[in-house]
Amino acid sequence: MKTDFARRLRCKSLCVSAAVLGFVVFTSTALANPPAIASSVTKAIVKYFGKEGASEAAEYLSKTGGRQLMQRVSATAAREGGEETVERVAALAGKHGPQAIAALDNAPAVTPILTALDDLPAEQVGAAITQLAAGAPGRELAQATMKFGSKTLQSELKHPGVGLVLVRSLGDDGADLAAKLGTDQAIVVARHADDLSKLPTTARQGMMSMMREDATRMVQFMGRFAEANPGKTLFTVATTAVILAEPERILGGDEIVFDADGNPIVVSKSGLIGRTVGATGSIAEHVSSQYVRPAFLTLLTFVTAFAALWAGLKLWHAHKHATKAGD
């Protein structure tokens, strides 16, 4: 028993010694890089794992590419803001461990991400770091965060997989919508986000204003349109002009259909039959003005000419008869 206990004790001591040796070697290497840029970050990582996690720290530093990650992030931080920024990285790593280093390594620049994380409520920082560290999606999130700040992270945390779409396509407007919408509503808007982003500035601002003022009814309208018009784009220049011209009708439940020429028109909400009648009436009006009326005018001209000719013939016969009677 004593022999087994001694063997286990020696093994544990060797593991700890190896971890400490790895730490010393890495720290010495970091200190050789001006101006000792990785030293404080390395210490923060070892502190994060704690005394009981010395072997985990050694594994991270030597086997998982952790050393290279810390060197890159530390060098970037030193280049952007010197020792102060390196210390900010170290503080974040001390609280959130290797994942914080991976999140910062996923971004083209360190400082904007540190600032965005500082702007978040403390309880959201860990989840945001997890999102930023998530490979390619994390890189997309980091790029948007650099441009739009902590709103991007809050949007994606509230609506995973959707918040980033809103912010990337609609910028600050998308972030404001994400904060206001429920996830189901955000999904509906995200389906149209690219089309909204392509609108002229005035039209886009008008649509954003309608969504801010009455998001619920606007999202309901968008859902109805998608259901009734599969495959059609809602936010074209023409359709948006119709919506902005009739906002009360749109928000009140009226809908958009397309006439025979594909032009969008607003019809009253009156059930399927009512919509069909309304659309048919509009189409009938179009057909009447374009085809029936010209045909009617042509026929009227022909009838008038025929009547005039007939009257002329009647008069000629009457005149001829009167002439014979006089002779």
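Any read-out appearing in this document is the output of simple, stated calculations on the displayed coordinates, not a laboratory observation. Everything numeric in this text was worked out from a predicted model, so none of it was measured. Cβ coordinates were reconstructed from backbone atoms using ideal geometry, including for glycine residues, and neighbour counts include every protein chain displayed.
Could you sort out which of 95/198; 95/151; 158/232; 151/198; 43/180; 43/158 sit more than 32 Å apart by Cα distance in this structure?
Pairs exceeding 32 Å: 95/198; 43/180; 43/158.
First measure r as the distance between the Cβ atoms of residue 236 and residue 140, then evaluate 1/(1 + (r/R0)^6) with R0 = 30 Å and state the FRET efficiency to the nearest 0.05.
That gives a FRET efficiency of 0.65.
If you average 1/r over every pair of different alpha-carbon atoms in region 84-187 and take one over that average, what Kirkwood value in Å do you get?
The answer is 13.4 Å.
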